[in-house]
Amino acid sequence: MEQPATPFLVELLHSVPHINITLHRVNDTFNPSSTVYIESLGILASIPAALLIISLVFLLLYLLTRCCDRKPRKPKSHGCQKCTLIFFAIVCCASIGLGLYGNDDLHNGVLQIFGSGRKIEQLILNVRNQTEMVKQNLKSKVVLSELEAKLEQPPQLYNQTALYLLQDTVKMVKDNTTLAINALETVVYLTRPSYSDLTLKNLLDTYEFYEELRWPATLGFLTFLLLLCIILVIGATRSSRCALIFFSVCGLLAVTVCWLLSGIYLASAVALGDFCMKPNDYICSQQKLKDVQYTYCSSVGTNRYVLRLNESKDYVDRAKESLETATRIAIDLYPRFEMSSKINRLNNELDDSKRQLIALSAMADRRTVMEHYADATRGLCEGGLLGLTLMLLASLISAAILSLLVCVDSHTWIYLTKKRPYEDKSETAPLFPAGAASVSPSAPINSGTMTVNRTLLHAQAATSNGTGLTHGGGGGIGGGGGGGLIASSGRNGTTHGLRGLASYSGDESPPPDYNVVVHDNRASGHHTLGRLPSHASGHIAGPNNGKYATLSKQCKTLESSDFY
């Protein structure tokens with residue numbers, strides 16, 4: 001059978017230089033049991049690992065420079081960075097799609113290997129079971145037959161020579177059948193694996209378990225990368241710091257995993273290319289894999305299964321010849337006995353066994369097994385290797401683009417300013433703005449500040465006339481013998497944000513939100529509220545030179561609870 005042409009991808013991967021740690025070329029024949037060969041694959045896998053270290057160092061230096069640069073950026077300057085993020089995120093999604101396609105091709109190729117391997121395993125199992133069945137039929141229906149017991153009866157036509165010849169012929173039938181059974185027992189023994197042998201079933205079960213873990217894990221990781229790119233696009237379009245920071249953290253982890261996977265894919269692709277150059281040599285070198293050795297690796301005339309089955313078929317043919325001779329003699333010696341029916345049953349059983357042995361020989365032949373091995377090799381070295389190469393390219397491209405995206409993304413979210421929180425302007429507005437002193441009492445009041453100013457101006461006028469703001473015989477609000485009123489907010493004693501202080505009369509209590517400060521000026525005999533009156537002569541002591549009312553030691557702060 002002619003060997004198929006070697007695919008170009010196999011030759012390309014096999015041509016990758018294999019070097020050891022001393023940078024010398026080594027043998028590139030696939031041999032996983034060789035430490036030198038494994039060392040050369042490890043050096044190839046370390047190339048993406050070195051690129052990972054370089055990208056992480058570059059990213060670290062870049063972030064250090066960004067942390068030192070605190071210059072403000074205009075919002076319009078982020079447009080180019082956002083467009084760059086969106087463009088390369090789309091390119092990264094395309095490379096991830098290439099990885100998904102390669103993962104599917106690799107999975108299909110591996111499944112084709114498992115399918116062909118299961119066919120070979122089922123073929124060997126059928127050979128063993130059918131051989132066991134033929135052996136039991138020959139043993140129970142031919143060897144243990146009652147033909148000899150019938151021949152022990154005296155014949156009607158006594159012929160001592162013919163009788164001895166008949167007995168010897170029947171004995172030859174059983175002896176040949178026994179030899180055929182022994183040959184079949186050898187086939188059963190060869191097809192029955194021992195504990196020390198590496199069976200095809202164990203290999204398939206092991207690799208199927210690994211593939212059941214690898215395929216969904218790779219699919220999940222690539223899907224996670226797609227979600228990261230989508231989050232990046234959303235964060236770039238909406239200028240979301242939270243989304244961009246999330247991509248920076250998870251993207252750094254994704255970059256690390258992508259570079260590491262690139263190393264694994266590179267070493268695996270090169271090793272698979274070396275295997276596919278001469279797959280038969282490696283398969284036939286596995287002596288513990290007897291199923292492969294006896295079926296595929298043996299030549300047309302050296303298949304142990306076929307040799308033992310043909311040997312058993314030859315013994316069955318000899319038994320049939322002896323049985324035919326015994327039939328002719330028995331009919332002459334025992335004409336009245338029903339010898340023909342018994343001999344016919346034995347003959348039919350031998351014919352059936354011969355047909356089954358011929359079918360088993362064709363089933364175990366190398367030419368039949370080679371079809372399954374060719375399908376398995378084609379699935380691994382064409383579809384599987386192509387998928388693995390696509391995954392390698394996708395992983396390398398994704399790792400490089402993600403490294404770039406992490407850098408640009410970090411540059412973007414660092415300079416995105418946070419939104420200013422809502423500020424209560426009533427708390428920060430000045431109580432006495434510029435020009436408030438010149439406002440007349442009759443001026444219109446538009447805000448809480450103007451209301452307080454108007455109230456204070458009325459209080460000044462009343463104080464200058466010597467009347468004060470009293471209640472009931474000179475008693476101030478809140479008690480204490482005629483104290484003046486200064487309204488203040490309940491927070492810090494200032495007059496910020498007061499509204500409607502002048503809206504209640506002397507007989508009413510102030511609102512519960514306000515505190516009332518009473519300035520008891522007992523020495524001068526009058527009460528002041530707000531700005532003190534101006535005097536042409538004399539200097540009024542105080543920290544503000546008498547411009548505004550001050551609190552002395554006799555000041556009393558009344559809380560809202562004092563009015564109830």
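The values are calculated or read from the model by the stated rules, or taken from the named source; none is laboratory data. The shown structure was predicted, so the numbers you read here are calculated from the model rather than taken from an experiment. No Cβ is skipped: glycine too gets one built from the backbone with ideal geometry, and neighbour counts run over all protein chains shown. Surface areas here come from the heavy atoms of the whole protein model, side chains and all, with no ligands, DNA or RNA. Shrake-Rupley method; radii C 1.70, N 1.55, O 1.52, S 1.80 Å.
Just one of the listed residues (Tyr210, Tyr189) is at pLDDT 90 or above and either farther than 29 Å from Gln122 by Cβ or assigned to a helix (DSSP H, G or I) (or both), and it is Tyr210.
Considering each residue of the range 334-350 in turn, at least one proves to be of a type in the set (S, T, N, Q), open to solvent by less than 60 Å² (accessible area, probe 1.4 Å) and either outside any helix (DSSP H, G or I) or within 18 Å of Ile181 (Cα to Cα) (or both). Checking every residue in the range 352-369 against the condition of being open to solvent by less than 20 Å² (accessible area, probe 1.4 Å) and either within 30 Å of Leu106 (Cβ to Cβ) or in contact with a strand residue (DSSP E or B) (Cβ under 6 Å, 6 or more places away or on another chain) (or both) gives at least one match.
Do we find a residue being of a type in the set (Val, Ile, Thr), without any contact (Cβ under 8 Å) to a residue 12 or more places away in the chain, in contact with a Ser or Thr (Cβ under 8 Å, 6 or more places away or on another chain) and more than 29 Å from Leu13 (Cβ to Cβ) anywhere in the range 228-235? Yes, the range 228-235 has at least one match.
The rows are residues; the columns are (1) closer than 13 Å to Val255 by Cβ; (2) out of contact with any His (no Cβ under 6 Å at 6 or more places or on another chain); (3) at pLDDT below 90.
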{"residue": "Ile53", "(1), (2), (3)": "yes, yes, no"}
{"residue": "Leu61", "(1), (2), (3)": "no, yes, yes"}
{"residue": "Thr65", "(1), (2), (3)": "no, yes, yes"}
{"residue": "Lys71", "(1), (2), (3)": "no, yes, yes"}
{"residue": "His78", "(1), (2), (3)": "no, yes, yes"}
{"residue": "Thr84", "(1), (2), (3)": "no, yes, yes"}
{"residue": "Gly97", "(1), (2), (3)": "no, yes, no"}
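Exactly one residue out of Ser262, Ser285 is out of contact with any helix residue (DSSP H, G or I) (no Cβ under 8 Å at 6 or more places or on another chain) and either among the small types (Gly, Ala, Ser) or open to solvent by less than 50 Å² (accessible area, probe 1.4 Å) (or both), and it is Ser285. Within the set Leu200, Leu190, Leu227, Leu204, the sole residue that is open to solvent by 50 Å² or more (accessible area, probe 1.4 Å) and out of contact with any Cys (no Cβ under 7 Å at 6 or more places or on another chain) turns out to be Leu227. The residue that is farthest from the chain's Cα centre (by Cα), counting only those in the range 288-310 that are part of a loop (DSSP other than H, G, I, E, B) and crowded, with 18+ Cβ neighbours inside 10 Å, is Asn303. Within the range 1-51, take every residue that is touching a Cys at 6+ places or on another chain (Cβ under 8 Å) and in a loop (DSSP other than H, G, I, E, B) and give me the one that is farthest from Gly251 (Cα to Cα). Of everything passing the filter in the range 1-51, Thr6 is farthest from Gly251 (Cα to Cα). Ile230 meets the stated requirement of being out of contact with any Pro (no Cβ under 9 Å at 6 or more places or on another chain) and hydrophobic (A, V, I, L, M, F, W, C).
So which residues in the range 20-37 are over 27 Å from Ala374 (Cα atoms) and open to solvent by 50 Å² or more (accessible area, probe 1.4 Å), if there are any at all? Those that are over 27 Å from Ala374 (Cα atoms) and open to solvent by 50 Å² or more (accessible area, probe 1.4 Å): Ile21, Thr22, Leu23, His24, Arg25, Thr35, Val36. Residues in the range 101-141 that are of a type in the set (A, V, I, L, M, F, W, C) and open to solvent by 50 Å² or more (accessible area, probe 1.4 Å): Leu111, Leu125, Met133.
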